[in-house]
Structure formats: C-alpha cells, structure tokens
Amino acid sequence: MKTPICPTCGCSLVRLGITKESAVIQKYQEEEYLFCCDGCALMFEKNPEALLKETNSLVVCPSCL
C-alpha cells in the first residue's frame, strides 16, 4: 500500500485524513506532489531538492494508519 506523504514534513496524508481532493497540490519537474498544508507547500518551493532527498524514501506502515 502506497500512501501519500507530504514531501516537506513527512506526514502521512492518510493519517491526517487529507484526501487528494483536499490536499495542497504543486507540480515540480513535471511531477505532482501533495502537501498537508499551505505552509509545507511554501517551504517546499524554497528548497525542493533537499526536501525530496530527505523524504523520498519514507514509507508508512499500512497497519499503523
């Protein structure tokens, strides 16, 4: 099970109850990213490469959802 994770803070959007329709969405290098809030989306704009490197390999356990 792959769950969307905010690329800024690493929070599981599923755990927060945020659907794709209610998430903040931004495109970066032709890819769409979902964020838990506007603040995380703004922080992402400042340094997307570092944040993606930091959160890219995060996995959320489906049992913990």
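The values are calculated or read from the model by the stated rules, or taken from the named source; none is laboratory data. Since we're looking at a predicted model, the values are computed, not measured. Heads up, the Cβs are rebuilt from the backbone with ideal geometry, glycines too, and the neighbour counts pull from every protein chain shown. Note: accessible area is taken over every heavy atom of the protein model, side chains too, but ligands, DNA and RNA are not part of it. Shrake-Rupley method; radii C 1.70, N 1.55, O 1.52, S 1.80 Å.
In the list Lys27, Lys2, which residue meets the criterion of being open to solvent by 80 Å² or more (accessible area, probe 1.4 Å) and either touching an Asp or Glu at 6+ places or on another chain (Cβ under 7 Å) or at pLDDT 90 or above (or both)?
Details: Lys2 fails: either touching an Asp or Glu at 6+ places or on another chain (Cβ under 7 Å) or at pLDDT 90 or above (or both).
Only one candidate qualifies: Lys27.
For beta carbons closer than 6 Å, sequence separation of 6+ or different chains, a first residue in the stretch 22-47 that is within 15 Å of Ser12 (Cα to Cα) and a second that is among the β-branched types (Val, Ile, Thr), the qualifying pairs are Leu34/Ile25; Phe35/Val24; Cys36/Ile18; Cys40/Thr8; Ala41/Val24.
The rows are residues; the columns are (1) aromatic (Phe, Trp, Tyr); (2) assigned to a loop (DSSP other than H, G, I, E, B).
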| site | (1), (2) |
| --- | --- |
| Thr3 | no, yes |
| Cys9 | no, yes |
| Ile18 | no, yes |
| Ile25 | no, no |
| Cys40 | no, no |
| Phe44 | yes, no |
| Ala50 | no, no |
| Lys53 | no, no |
